[in-house]
Amino acid sequence: MILNALDWGIIVAYFVFSLLIGLIVARRAGRSAAEFFLSGRSMPWWLLGVSMVATTFSSDTPNLVTDMVRQNGVAGNWAWWAFLLTGMLTVFVYAKLWRRSGVLTDLEFYELRYSGRAAAFLRGFRAVYLGAFFNVLVLATVSMALTKIAAVILHWPAGWTLLIAGVVTVIYSALGGFSGVLLTDFFQFILAMAGAVCAAVVALGRPEVGGLSGLLGNPTVAAKLSLLPDPSDGQTFLLLLVLPLAVQWWSVWYPGAEPGGGGYIAQRMLAARSEGDAVAATLFFNCAHYALRPWPWILVALASLAVFPDLAALQRAFPHADPGLIRHDFAYPAMLSFMPAGLLGLVTASLLAAYMSTVSTHLNWGSSYLVNDLYRRFIRPDAGERRLVLIGRLSTVGLMVATSIVALLLENALQAFQILLQIGAGTGLLFILRWFWWRVNAASEITAMLTSFLVAVYFQFVHPHTGLPLVSTPIQLVAGVAVTTLAWMLVAGFSRATDPETLRAFYRQVRPGGPGWRRVLEDARRDGVDLDAPGAPGWDVPHGILCMFLGCGMIYCALFATGNWIYGRILPAGMLSAAAAVLVGLLILVWRRRPSAGRAQREPA
């Protein structure tokens with residue numbers, strides 16, 4: 001591939017445009033920490049929703065989907081499609097709770113909900129772990145994917161790629177703060193989707209593919225078209241569908257799909273100008289993330305099977321590529337090698353946009369932890385707003401420098417990254433229940449974190465050397481969830497409860513309601529305190545769960561309807577489209593009849 005002047009002009013124009021946005025909003029971002037990290041809690045739902053989608057569209061995401069499709073068919077995407085249940089639970093139950101909490105970061109929640117030194121420890125530990133170590137390793141994996149793409153398309157060495165993309169990203173992130181991130185995310189998402197669609201169109205036009213009809217008629221591709229795993233293949237069916245839908249979605253902590261919300265998703269809910277905007281933003285995100293975005297990537301992945309049916313074909317087509325890089329995920333950038341002039345520049349800019357939208361979010365999000373939950377909480381509680389913004393900008397730069405260094409050394413850090421990721425595995429049920437069961441305390445969160453980590457270490461390092469039979473991945477997951485859940489629930493039931501005043505203050509602030517808080521309400525009434533304020537919303541979680549299932553049905557029907565329209569299966573496509581429309585109507589009807597529907601949605605920031 002050789003980029004001409006038009007291609008380079010598109011790429012340079014994109015870089016300049018991103019920098020201009022950061023410069024335009026820099027003054028506003030510098031007013032206070034709330035402006036720098038949450039844009040003054042005044043953002044509309046559509047901007048926040050698009051930003052959520054843009055953040056989860058990174059330069060490595062199409063590669064990952066391509067890998068899944070080539071190895072397990074379209075049904076392989078259930079490994080992440082199952083997390084829709086988590087996302088819709090966040091939409092209809094947790095989005096409004098996060099907005100009511102009024103915290104600056106989701107880690108500040110710990111000292112709003114829990115009490116004592118354990119709560120402070122949790123907040124400080126996770127600020128360092130998530131804000132620095134985990135965040136840098138996530139960014140490094142994303143950066144490594146970009147270096148692979150740049151090596152194929154731009155012929156840039158890894159260091160040069162990281163320098164240029166990193167400098168532009170860190171400048172607009174450090175200057176513009178969260179407002180700069182949101183505004184660039186909006187345009188980056190449009191560009192990224194345009195590039196993905198163009199890549200799909202060009203891929204289908206290849207002579208080896210023969211258009212959509214030729215693709216669907218290809219024997220290699222036809223075997224990969226099913227939207228559901230084959231039930232006759234018991235292990236694959238269990239791993240790809242049963243386990244994700246039965247256990248994984250509620251039990252596993254996964255960035256961007258945390259049970260109960262969290263991370264950069266919570267940051268956007270906290271930045272919403274009202275509870276209604278928080279709900280609408282997360283609903284739009286889930287619709288676009290699952291129903292709109294996957295199909296251009298899936299089409300490119302299927303087309304790659306017609307052009308490069310196996311790894312040997314990829315190696316022959318790219319003889320000078322490092323053999324260690326030739327995996328199934330390499331097929332996506334390989335398909336981009338066929339892009340014509342002009343479109344090649346657009347697709348390259350779209351992949352840079354996907355990378356920069358993810359990195360800018362992680363930089364601002366990680367910096368918010370380091371500033372609000374470490375520096376202001378433990379180092380300089382009296383720091384002024386301008387100083388906090390300065391520390392935020394410096395930590396943004398520091399995180400990007402650390403990311404670039406780790407990305408260049410990542411092959412030696414992959415095993416450590418997998419262990420760090422497992423610290424949160426098996427803790428999902430706790431994140432769901434901590435809002436609605438007063439007995440969950442800081443000690444139970446610490447127990448869950450420690451237990452899941454030890455279980456992961458055991459299965460990865462200890463068990464293989466015990467002489468015992470090897471344990472499959474599904475069994476490891478179920479065992480980890482069972483042990484972790486039992487451990488933290490025992491600690492929650494028998495350890496010292498959170499201070500009553502902290503529980504009462506949390507209830508007044510967030511108004512979670514439900515039977516899990518009955519004990520706290522009864523104790524407060526005996527002390528002459530009524531925590532149920534006049535006009536407070538009623539217990540609407542049952543309605544929220546009903547909406548969650550209606551919303552999941554709506555989006556899955558839309559997702560599968562799109563696939564069947566593409567496949568030319570008119571009858572199932574029409575039936576699924578009609579079902580999606582009916583579910584939209586039911587969802588609107590049920591949501592409007594929830595107990596809290598009559599109260600005003602807009603609240604002061």
- Among Leu477, Phe560, Trp250, whose Cα sits farthest toward the positive end of the charge dipole of the chain (+1 at Cβ of Lys/Arg, -1 at Cβ of Asp/Glu, about the Cα centre)? Trp250
- Query: Calculated FRET efficiency, Arg508 and Ala482, Cβ-Cβ r, R0 30 Å, to nearest 0.05?
  - Reply: 0.25
- How big is the charge dipole of the range 330-416 about its Cα centre, in debye rounded to the nearest 20, if each Lys and Arg gets +1 on its Cβ and each Asp and Glu gets -1 on its Cβ? 340
- Message: Probe radius 1.4 Å, ligands and nucleic acids ignored: give me the carbon and sulfur share of the accessible area of the range 251-293 as a rounded percent.
- Response: 67
- Task: On a 0 to 90° scale, report how tilted helix 45-56 is relative to the longest principal axis of the chain, with both axes built from alpha carbons and the result rounded to the nearest 10.
- Result: 60
- For the range 287-328, shape from the Cα gyration tensor axes a ≥ b ≥ c, cut at a/c of 1.5 then a/b versus b/c, turns out prolate
- Task: For Cys287, tell me the accessible area in Å² from a 1.4 Å probe, rounded to the nearest 10.
- Result: 40
- If you roll a 1.4 Å probe over the range 423-483 with all protein chains in place, what percent of the accessible area is carbon or sulfur? 76
- Query: Using a 1.4 Å probe, how large is the accessible area of Lys224, given in Å² and rounded to the nearest 10?
  - Reply: 40
- Query: To the nearest 0.05, what FRET efficiency results for Ala222 and His155 with a Förster distance of 51 Å applied to their C-beta separation?
  - Reply: 0.90
- May I ask which residue of Leu122, Pro157, Ala192 lies farthest towards the positive end of the charge dipole of the range 107-202, with charges of +1 (Lys, Arg) and -1 (Asp, Glu) on Cβ and the Cα centre as origin? Leu122
- Using alpha-carbon positions, the gyration tensor of the range 19-127 gives root eigenvalues a ≥ b ≥ c; with a/c under 1.5 called rounded, otherwise prolate if a/b exceeds b/c, else oblate, the class is oblate
- Message: If I compute solvent accessible area with a 1.4 Å probe over the protein chains, what percent of it on the range 81-210 is carbon and sulfur?
- Response: 76
- Task: Grab the other residues whose beta carbon is less than 9 angstrom from that of Ala331, score K and R as +1, D and E as -1, and report the net.
- Result: 0
- Bin all alpha-carbon pair distances of the chain at 10 Å intervals from 0 and give each bin's fraction as a whole percent. 3, 16, 27, 28, 18, 7, 1, 0
- In nm, to one decimal, how far is the Arg593 label point from the Arg496 one, both placed 7 Å along Cα→Cβ? 4.8
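About the Cα centre, and with charges only on the beta carbon of Lys, Arg (+1) and Asp, Glu (-1), how big is the dipole of the range 248-391? Nearest 20 debye, please. Write out the running numbers ahead of the final one.
On the way: 10 positive and 9 negative charges, 63 e Å.
Computed about the Cα centre, the dipole is about 300 debye.
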- Extension length gain for Ser42 and Asp230 (0.36 nm per residue less Cα distance), in nm, is 62.9 nm
- Could you tell me how many degrees, from 0 to 90 and to the nearest 10, lie between the Cα long axis of helix 500-510 and the main elongation axis, the longest principal axis, of the Cα atoms of the chain? 50
- Message: Helix-only estimate, please: 222 nm mean residue ellipticity of the chain, summing -39500 (n - 2.57) across DSSP H runs of length 4 or more and dividing by its residues, to the nearest 500.
- Response: -20500 deg cm²/dmol
- Working from Cα positions, state the angle (0 to 90°, nearest 10) between the long axis of helix 442-457 and the longest principal axis of the chain. 30
- Can you bin the range 111-259 into rounded, prolate or oblate? Criterion: square roots of the alpha carbon gyration tensor eigenvalues sorted a ≥ b ≥ c, rounded for a/c under 1.5, prolate for a/b above b/c, oblate for the rest. oblate
- Heavy-atom accessible area of Thr105 with all protein chains present, probe 1.4 Å, nearest 10 Å²? 0
- Message: Charges at C-beta only: +1 for Lys and Arg, -1 for Asp and Glu. How large is the resulting dipole of the chain about its Cα centre, in Debye rounded to 20?
- Response: 1360
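Taking a probe of 1.4 Å, how large is the accessible area per residue of the chain, in Å²?
39
So if R0 is 45 Å, what FRET efficiency would Leu311 and Ala581 give, r being the distance between their Cβ atoms, rounded to the nearest 0.05? Walk me through the numbers on the way to the answer.
Numbers: r = 43 Å, r/R0 = 0.95.
The calculated FRET efficiency here is 0.60.
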- Item | Leading residue at positive end of dipole, the chain (Cβ point charges), from Asn4, Gly467, Val209 | Asn4
- Message: How large is the convex hull of the C-alpha atoms of the range 421-485 per residue, in Å³?
- Response: 80
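The values are calculated or read from the model by the stated rules, or taken from the named source; none is laboratory data. The structure presented is a predicted model; accordingly, all values stated were derived computationally and were not measured. Virtual Cβ from ideal backbone geometry, glycine too; neighbours counted across all protein chains shown. Quick note on the areas: whole protein, heavy atoms, side chains included, nothing else; ligands and nucleic acids left out. Shrake-Rupley method; radii C 1.70, N 1.55, O 1.52, S 1.80 Å.
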